[in-house]
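First the structure, in the form of structure tokens, and then the observations on it.
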Amino acid sequence: MLLDEASTSTWENVRNVLPLVDGADSIAFASNGLHAEKARMYLGRQRPDLAPRVIATDDYRLGEHSLMKPLFAAVGLRKLHVVRSGSQTHGTAG
């Protein structure tokens, strides 16, 4: 397992790991559900040829961040809506 510590956004994170996953048989994003969904969409935009290699992961764990979950969900859903609508292709907003 390798960790990208240079990225400042999800778009950069996906871009920076492309050389690492280019030859992989499968690709999984380890993150919370909404962030992982955004990363999967960004991978599809940056390298559509790799998108079929993405495998399902356990994006939710019962009780994880339970007190902050509503706030994380609201912010994550807003960001995901922006990404899906095509208003944002990349940036520093994560």
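When the range 23-48 is examined, which residues are found to be open to solvent by 50 Å² or more (accessible area, probe 1.4 Å) and out of contact with any Leu (no Cβ under 7 Å at 6 or more places or on another chain)?
Gly23, Asp25, Ser26, Ala28, Ala30, Asn32, His35, Arg40, Arg45, Pro48
Is at least one residue of the range 49-70 at pLDDT 85 or above, in contact with an Asp or Glu (Cβ under 8 Å, 6 or more places away or on another chain) and not in a helix (DSSP H, G or I)?
Step one: filter the range 49-70 for residues at pLDDT 85 or above, giving 49-55.
From what's left, in contact with an Asp or Glu (Cβ under 8 Å, 6 or more places away or on another chain): 50, 53.
In the following step, the residues that additionally are not in a helix (DSSP H, G or I) were identified as 50.
Yes, that holds for at least one residue.
Give the residues of the range 1-25 that are over 16 Å from the mean Cα position of the chain (by Cα) and modelled with pLDDT under 90, sorted by residue number. If you could, list the steps in order and put the result at the bottom.
Here is the first cut: in the range 1-25, the residues over 16 Å from the mean Cα position of the chain (by Cα) are 1, 19, 22-25.
Selection gives Met1 alone.
In the set Gly76, Gly94, Gly86, which member is at pLDDT below 80 and more than 13 Å from the chain's Cα centre (by Cα)?
Unique residue meeting the criteria: Gly86.
Let me spell it out: the conditions are (1) surrounded by 17 or more Cβ atoms within 10 Å (Cβ to Cβ); (2) assigned to a loop (DSSP other than H, G, I, E, B), and Thr8 meets all of them except one. Which number is the exception?
Looking at each condition in turn, Thr8 falls short on (1).
Can you run down the residue pairs with Cβ atoms below 6 Å, 6 or more apart or on separate chains, where the first is in the range 26-39 and within 15 Å of Arg84 (Cα to Cα) and part of a loop (DSSP other than H, G, I, E, B) and the partner is of a type in the set (Gly, Ala, Ser) and at pLDDT below 80?
If the second residue must be of a type in the set (Gly, Ala, Ser) and at pLDDT below 80, no pairs are left.
The values are calculated or read from the model by the stated rules, or taken from the named source; none is laboratory data. None of the values given here were measured: they were computed from a predicted structure. Cβ coordinates were reconstructed from backbone atoms using ideal geometry, including for glycine residues, and neighbour counts include every protein chain displayed. To get the accessible areas, we keep the full protein, side chains included, count just its heavy atoms, and leave off ligands, DNA and RNA. Shrake-Rupley method; radii C 1.70, N 1.55, O 1.52, S 1.80 Å.
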